[in-house]
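The values are calculated or read from the model by the stated rules, or taken from the named source; none is laboratory data. All figures in this text were calculated on a predicted structure; none of them were measured in a lab. Every residue, glycine as well, gets a Cβ built from its backbone with ideal geometry; the counts of neighbours run over all protein chains shown.
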Amino acid sequence: MDKNKNSIRVRIAPSPTGYLHIGTARTALFNYLFARANNGSFLLRIEDTDLERSRDIMTESIKSGLNWLNLGWDEDVVYQSDHFDNYRERAFELLKRGNAYWCYCTPKEIEERKKKALNSHKRWMYDRRCYNLKEKERKDFEREGRPKALRFHIPPGVTEYKDLIHGGIKRDNSEIEDFVILKSDGSPTYNMAVVVDDHRMEITHVMRGDDHIPNTPKQILLYKAFGWKPPEFAHFPLILGKDRSKLSKRKNAVAISEYRDKGFLPEAMVNYLAFLGWSPKTKEEIFSLSELVERFTLKSINQKPAVFDLERLEWVNRKWMNRLKEEEIAKRLQHYLKEKGIDVQNREYIIKIIGAMGNRVKKFQDFIQLGYYFFSDNFSLDEKGASEHFYPGLSRRMRKLVDRLEELEPFNREGIEEVLRGLSQELGCRSAELIHPVRLGISGMTFGPGIFILMEVLGKKRVINRLQSLIEYLKGEEK
Ligand code: GLU
């Protein structure tokens, strides 16, 4: 993408201290859609200034999560850890211009003064002790070799901006603390690094979660102190859990990788994430990434928090399983199963399983949880089901059934049904008295696809072998 003066440039700036979070992925998606809809650039910046907490493995997981969602970024990834000199230079620039000052207060001293203020029910903000330091005191601290941090001096006045989603936001500067821009170890703080980078990267629109609203006036003040034009700002609504509390690791799967692991389709994930804060204002609900690009505008973003609803995501995923071609779904399921250690060579068999399971499965993981018996003879028997549906004399009936099935050719649902119903009539029992035990014998479960389809899909050899094992088991029980 060419970088001409008027082109839109947006970014996401995750900190690699955790996996790609649902909220970050949603912010990435909105930025991506905005960039693509406006022929702009979507950039990725890794905010790894906190060297202690940043992990390469997290950076990799963020990148692979974005790639999985198909949210490819333009240009090279920017790492903040490559720009420490730049932040320091810029911070000293502010010091020289009188917009920043050294603070020698130790964390302990600050803590004590804060406690005192709070005890007398006063609000606490850094009290500018070091801004008002006498020259001699400063010299003494320097001689002592006290660690020092650089604080930004908040000018008097009011900071206002027009948020592209929330409209006018105003903050009295007297409510903003002289925040640290350079820590005593020489590393920049978040607000400092973000402004220096967004300016250097020529970001035109800073769009992130609502939780950053309190940071924006601080950042605008930094832009002003540098004499730079601030970008536009937009803050996306928070994502809450179903109980309307903040989405938390304890209650929800919050990492995108967990959804991939459960076998959700990336198309469905993107589709669902878009609805966390955006809506097309029509009844349509299923959109591909390119369809979203066509529809997306910042105007259609809600101001109110969005609620994450797993059932809704499953519903969207199911819709996408129907929307994609059967062959494509089969290919992906085959790949998914392989990753889980289940190697199924026969694509036709997978297609039949998908057909048989129908809407019972909402995501690939369900094929394993609800249909493990399709892939292995080593399934366990539902004990409760067995105690309900197995009865004395059943092994003889099963023997007869096996004999009939062995002769059945072709082994299809119609033929199987005929055999089963015919046999139950002959034996003078209800078909259910054969069907329930057969289902338990061939799948270990009491529920699943229609029995005749299930038998057809499993195929003659598997069904007969499993029924034979059932007979052996029943004989053991009958003794
Ligand atoms: N590193 C910040 C975060 O992950 C970035 C916020 C921003 O976009 O400015 O929340």
TODO: Give me a count of the residues in the range 114-137 that are of a type in the set (Phe, Trp, Tyr) and at pLDDT 95 or above.
DONE: 2
Open item on the list: I'd like to verify a number: residues in the range 181-204 that are within 11 Å of the ligand (Cβ to nearest atom) and either in contact (Cβ under 8 Å) with a residue 60 or more places away in the chain or of a type in the set (Asp, Glu) (or both), how many?
Closed with: 6
Task: Residue count for the range 147-164, restricted to those that are touching a Cys at 6+ places or on another chain (Cβ under 7 Å) and of a type in the set (D, E, K, R) - done: 2
TODO: From (1) within 16 Å of the ligand (Cβ to nearest atom); (2) surrounded by 20 or more Cβ atoms within 10 Å (Cβ to Cβ); (3) not β-branched (Val, Ile, Thr), pick out the condition that doesn't hold for residue 259.
DONE: (1)
TODO: Would you mind stating whether residue 231 is within 13 Å of the ligand (Cβ to nearest atom) and over 26 Å from the mean Cα position of the chain (by Cα)?
DONE: yes
Task: Residues that are more than 12 Å from the ligand (Cβ to nearest atom), touching a residue at least 24 places away in the same chain (Cβ under 8 Å) and surrounded by fewer than 23 Cβ atoms within 10 Å (Cβ to Cβ), drawn from the range 29-52 - done: 34, 36, 37, 38, 39, 40, 41, 51
- [ ] Please enumerate the residues belonging to the range 131-144 that are surrounded by 16 or more Cβ atoms within 10 Å (Cβ to Cβ) and in a loop (DSSP other than H, G, I, E, B).
- [x] 133
Task: Test for residue 302: is it modelled with pLDDT under 95, closer than 28 Å to residue 207 by Cα and not acidic (Asp, Glu) - done: yes
Task: Selection count where residues are farther than 23 Å from residue 83 by Cβ, assigned to a strand (DSSP E or B) and under 32 Å from the mean Cα position of the chain (by Cα), scope the range 145-194 - done: 6
Task: Selection status of residue 65, outside any helix (DSSP H, G or I), under 30 Å from residue 288 (Cβ atoms) and within 39 Å of the chain's Cα centre (by Cα) - done: no
Task: Residue ID - nearest to residue 179 (Cα to Cα), chosen from residues in the range 114-137 that are among the basic types (Lys, Arg) and out of contact with any Cys (no Cβ under 8 Å at 6 or more places or on another chain) - done: 128
Task: Exclusive hit being of a type in the set (Lys, Arg), assigned to a strand (DSSP E or B) and within 14 Å of the ligand (Cβ to nearest atom), set 26, 11 - done: 11
TODO: Go through the range 98-112 and count every residue that is surrounded by 15 or more Cβ atoms within 10 Å (Cβ to Cβ) and either of a type outside the set (Val, Ile, Thr) or in contact with a Ser or Thr (Cβ under 9 Å, 6 or more places away or on another chain) (or both).
DONE: 7
- [ ] Could you tell me which of the residues 89, 75, 93 is assigned to a loop (DSSP other than H, G, I, E, B) and more than 16 Å from the ligand (Cβ to nearest atom)?
- [x] 75
Open item on the list: Need pairs with beta-carbon distance below 9 Å; first residue at pLDDT below 95 and within the range 69-80, second among the small types (Gly, Ala, Ser) and in a strand (DSSP E or B); sequence gap 6+ or separate chains.
Closed with: none
